[in-house]
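Engineer: The structure under discussion is supplied below as structure tokens; questions concerning it will follow.
The values are calculated or read from the model by the stated rules, or taken from the named source; none is laboratory data. In this text, all values refer to a predicted model and were calculated from it rather than measured experimentally. Using ideal geometry, Cβ is built from the backbone for each residue, glycine included, and neighbour counts are taken over all protein chains shown. All accessible areas refer to the heavy atoms of the entire protein, side chains included, with ligands and DNA or RNA removed. Shrake-Rupley method; radii C 1.70, N 1.55, O 1.52, S 1.80 Å.
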Amino acid sequence: MIAEYNSVYDELAHFLASLSPRRVLAYKSSPKSQDRVNILIQKNKEIGLSSDENAEMERYMTVEHIVRLAKAKAMQQLNK
């Protein structure tokens, strides 16, 4: 069966989830990464982000999107 993917994010999420669904579901970003995102969010609210910081925030958001997709795919696999 050939799976259809809506985006490269879906394709990567499916791949990650297929490796170890339980590990994907248990994944959390490091406290250091979480702290950095919180700093960027707060700075954005207060004074705005530089272009480099905005690009950094976009990368964090992209990774978060992929992780959410992977967790959804992992849950689907475990529920089969």
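Engineer: Is one or more of the residues making up the range 3-19 surrounded by 13 or more Cβ atoms within 10 Å (Cβ to Cβ), under 22 Å from Leu69 (Cβ atoms) and of a type in the set (S, T, N, Q)?
Structural biologist: Yes: the range 3-19 contains one or more residues that are surrounded by 13 or more Cβ atoms within 10 Å (Cβ to Cβ), under 22 Å from Leu69 (Cβ atoms) and of a type in the set (S, T, N, Q).
Engineer: Related question: (1) over 13 Å from the mean Cα position of the chain (by Cα); (2) open to solvent by less than 80 Å² (accessible area, probe 1.4 Å); (3) modelled with pLDDT of 90 or more: which one isn't true of Val67, the others all being true?
Structural biologist: (1)
Engineer: Still on this model: Residues that are among the polar types (S, T, N, Q) and touching a residue at least 24 places away in the same chain (Cβ under 8 Å), at least 2 per element: which helices (runs of 4 or more DSSP H) completely within the chain meet that?
Structural biologist: 51-78
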